[in-house]
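Shown next, in structure tokens, is the structure this report addresses.
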Amino acid sequence: MATRLLQVVQSGERTNAAGKPVSNRILLAIPDTEYHSIRPHLEYLSMPHHRSLHEPHKKLKFVHFPNQGLISLVAVMKDGRTVETGIVGNEGASGIAAAVGLSRSPLREIVQIAGDGFRVRVAELQETLPSTPQLRNILGRYIMVLGMQVEQTAACNRLHRIEQRLARWLLMAQDRVDSGSLPITHDFLATMLGTDRPTVTLAAGILQRLQLIGYTRGAVKILERRKLEKFACECYGNIRQYNGEL
């Protein structure tokens, strides 16, 4: 019985009440009985580039479950400077502090690669969780794994060379959007990596000269993934390991 409960349904085999297909891995991993409990609360959401899903220190209204695309979790300083602390794709959810009863989050949640997904009102999720133990367990584990990602990213941003950090970020992004071409700019990468555009341009140039990536205006293409993994710092492997355990 336990094995069947943990069996993941294939992408597209589930839909919300309006008939929109589900590709989010958390929503595909829970048993049918639990999915039927949360299904009426899944509101389909288009997630265009740069859409803000949550602003720092504001009250959490929704938990978001991406199907496609990439959400950045961004720390914002008083002087306006920003740095990315984590990313969320279809393996997870954003706003999940609400799943453990917190009403606010210090991070900005912003769509960095366009996609779509579902959102659930915080009150509705909290009402559903007592009767959905597998969902509650998966969300609890995901909160821990996301926390590890934030910790590892903080260490990476402080201790490793910018070209290694860039390699790590590109690999993590590709894992979550399942595409060899990532629609991102140097300006965006500078903001996410907590540096400036010229520094990112130099780092990208190193990866290009090694023929690990290709760059056209507004998009980065990973050419040699295995070599890029070897080039990246150990942070990518650590984060990937814990995501795999989830």
Practice task
Within segment 157-168, identify whether any single residue is in a helix (DSSP H, G or I), within 19 Å of R240 (Cα to Cα) and within 15 Å of the chain's Cα centre (by Cα), and answer yes or no.
Solution key: yes
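So which of I71, I113, I87 is out of contact with any helix residue (DSSP H, G or I) (no Cβ under 7 Å at 6 or more places or on another chain) and hydrophobic (A, V, I, L, M, F, W, C)?
Unique residue meeting the criteria: I71.
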Handout entry: Close pairs (6 angstrom Cβ cut-off, 6 or more residues apart or separate chains): without any contact (Cβ under 8 Å) to a residue 60 or more places away in the chain in segment 182-201, in a loop (DSSP other than H, G, I, E, B) and not aliphatic (A, V, I, L, M) anywhere
Key = T185/G218; A190/D196
Practice task
Quickly run through segment 210-231 and pick out the residues that are open to solvent by less than 30 Å² (accessible area, probe 1.4 Å), at pLDDT 95 or above and part of a loop (DSSP other than H, G, I, E, B).
Solution key: L212
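Which residue, of L27, L42, L53, is over 18 Å from the mean Cα position of the chain (by Cα), closer than 21 Å to L125 by Cα and hydrophobic (A, V, I, L, M, F, W, C)?
Values: L27 fails: over 18 Å from the mean Cα position of the chain (by Cα); L53 fails: over 18 Å from the mean Cα position of the chain (by Cα).
None of the other options fit; the residue is L42.
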Exercise for the section: Output yes when any residue across segment 186-201 is assigned to a loop (DSSP other than H, G, I, E, B), β-branched (V, I, T) and open to solvent by less than 30 Å² (accessible area, probe 1.4 Å), and no when none is. Expected result: no
Practice task
May I ask you to say which residue of L246, L193 is at pLDDT below 95, within 26 Å of V8 (Cβ to Cβ), under 19 Å from the mean Cα position of the chain (by Cα) and of a type in the set (A, V, I, L, M, F, W, C)?
Solution key: L246
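The values are calculated or read from the model by the stated rules, or taken from the named source; none is laboratory data. In this text, all values refer to a predicted model and were calculated from it rather than measured experimentally. All Cβ positions, glycine included, derive from the backbone under ideal geometry; neighbour counts span all protein chains shown. Each accessible area value is taken on the protein alone, full model and side chains, heavy atoms only, with ligands, DNA and RNA left out. Shrake-Rupley method; radii C 1.70, N 1.55, O 1.52, S 1.80 Å.
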